[in-house]
Amino acid sequence: MPDSAQAHGQAPAAPLLAVTALDAFYGDIQALFGVSIEIARGEAVAVIGANGAGKSALLKSIAGLLRARPDAIAFEGAPIGGMPAYAVAARGIALVPEGRGLFASLSVEENLLIGGQLGRPGPWNLQRIYELFPVLAERRRLPSTSLSGGQQQMAAIGRALMANPKLLLCDEISLGLAPIVVRDIYARLPAIRGEGTSIILVEQDVVQALKAASRVYCLQEGRVALTGAAKDLTREEIAAAYFGI
């Protein structure tokens, strides 16, 4: 069945983000080989794979932390490959980095306020972050180092949302956290998407990723080994792509 746009003779909507034949390097070591992915407005996409598969390199390339060809990454139809990270952030892409990256010398609230320095308009402000993560409101005056691992992850997500991004890049948000904490954090993602924010989830926790995303890309040794709708992929297909068997 054609979609409604095609049925009315309209071109399908352009993706919010299009990555095309992306190569990425850490120094002389190539981490990505011709990777192509797309994400639509308001969509959640999971990128899964084992350690060293190239997942973080993909997010860092999108965020402007690794060099890329200008035409290898397009955001809202404009090339952004190779742009500095601050310029990428100003366009509406925010990264929740692996390891959270909170500033130890600052309070929880000061960490959040740093995320709002760009002054981008949108629904997210301190009050909304505290509604999303009430524990951060309770601890807002405390140093970020006083937070548990799960609370630190909430603060890192909150800081990124303070930039009012159109696209949120989440790098291993379940890493090192207890399953109950992971479920709690993932339960907030629908509210984020409900504000129109698209999300790319880089995860080793395949079960959580498949529940949260509509589509999945599996990377294996820097290449896309499998892609499809999360509901359609079998465990056997995912395991084969994940482990390269």
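The values are calculated or read from the model by the stated rules, or taken from the named source; none is laboratory data. Not measured: the values here are computed from a predicted model. In this analysis, Cβ positions are derived from the backbone assuming ideal geometry, glycine residues included, and neighbour counts consider all displayed protein chains. We work out accessible area using only protein heavy atoms, side chains counted, and drop any ligands, DNA or RNA first. Shrake-Rupley method; radii C 1.70, N 1.55, O 1.52, S 1.80 Å.
Quick one: check the C-alpha center-to-center distance for region 140-166 versus region 49-69, whole angstrom.
So the two Cα centres are separated by 22 Å.
In debye, nearest 20: dipole of the chain around its Cα centre with unit charges on the Cβ of K, R (+) and D, E (-)? Intermediate results must be reported in sequence, preceding the final value.
Details: 22 positive and 22 negative charges, 106 e Å.
Computed about the Cα centre, the dipole is about 500 debye.
Using only DSSP helix segments of four residues or longer, with each worth -39500 (n - 2.57), what per-residue ellipticity at 222 nm results for the chain after dividing by its residue count and rounding to 500? Write down the numbers at each step before the final one.
Values: 11 runs with 82 residues, N = 245.
After summing the helix terms and dividing by the residues of the chain, the value is -8500 deg cm²/dmol.
For LEU106, enumerate residues with amide H under 5 Å from its amide H, sequence gap 5+ or separate chain, H modeled in the peptide plane.
SER144
Please list 3J(HN,Hα) in residue order for region 234-239, calculated via the Karplus relation 6.51 cos²θ - 1.76 cosθ + 1.60 where θ = phi - 60°; whole Hz, with x for glycine and proline.
The phi angles translate into 8, 4, 5, 4, 5, 4 Hz.
Can you work out the Karplus-derived ³J(HN,Hα) for every residue in region 176-185? Use 6.51 cos²θ - 1.76 cosθ + 1.60 with θ = phi - 60°, whole Hz, and x for glycine or proline.
Per-residue couplings from phi come out as x, 9, 5, x, 5, 6, 4, 4, 5, 5 Hz.
Going by amide H atoms built from the backbone, whose H comes under 5 Å of the H on ILE199, apart from near neighbours?
Placed amide hydrogens put GLU43, ALA44, VAL45, LEU168 under 5 Å from ILE199.
Just to confirm, what accessible area per residue do you get for region 33-182 at 1.4 Å probe, in whole Å²?
42
For the chain, compute Rh as the Kirkwood radius over C-alpha pairs and then the Stokes-Einstein diffusion coefficient at 10 °C and 1.306 mPa s; write the answer in µm²/s, rounded to an integer. If you can, show how the numbers build up before the last one.
On the way: Rh = 18.5 Å.
The estimated diffusion coefficient comes to 86 µm²/s.
HN-Hα J couplings of region 138-151 from phi, Karplus 6.51/-1.76/1.60, θ = phi - 60°, integer Hz, Gly and Pro as x?
Result, ordered by residue: 5, 10, 4, 8, 7, x, 4, 5, 7, 7, 5, x, x, 5 Hz.
Points 7 angstrom from Cα along the Cβ direction at ALA40 and GLU76: gap in nanometres?
Here the answer is 2.0 nm between the modelled labels.
At 1.4 Å probe size, with the rest of the protein present, what percent of the exposed accessible area of region 97-245 is carbon and sulfur atoms?
Carbon and sulfur atoms account for 54 percent of the accessible area of region 97-245.
Enumerate the lysines that LYS166 could reach by cross-link, defined here as Cα to Cα under 18 Å, with residues fewer than 8 away along the same chain left out.
Once the sequence-local lysines are set aside, what remains near LYS166 is LYS60.
Going Cα to Cα from LYS231, which lysines come in below 18 Å? Please leave out same-chain ones fewer than 8 positions away.
The reachable lysines, counting only those whose Cα sits under 18 Å from LYS231, are LYS211.
Given a Förster distance of 22 angstrom, what is the FRET efficiency for SER146 paired with VAL207, based on the Cβ-Cβ distance and rounded to 0.05?
So the FRET efficiency works out to roughly 0.10.
Quick one: accessible area per residue over region 194-235, 1.4 Å probe, rounded to a whole number of Å²?
47
Around LEU226, which amide H atoms from residues at least 5 apart in sequence, or from another chain, sit under 5 Å from its own amide H, with H modelled in the peptide plane?
CYS218
Provide the net charge surrounding ARG141, with neighbours chosen by a C-beta distance below 12 Å and charges set as Lys +1, Arg +1, Asp -1, Glu -1.
Counting the neighbours of ARG141, the net charge comes to -1.
Order of 130-140, 66-76, 151-161, 24-34 by packing, highest average Cβ count within 10 Å first?
Those peptides, ordered most packed to least, come out 151-161, 66-76, 130-140, 24-34.
Report the accessible area of LYS166, computed with a 1.4 Å probe over the heavy atoms of all protein chains in place, in Å² rounded to the nearest 10.
About 70 Å², rounded to the nearest 10.
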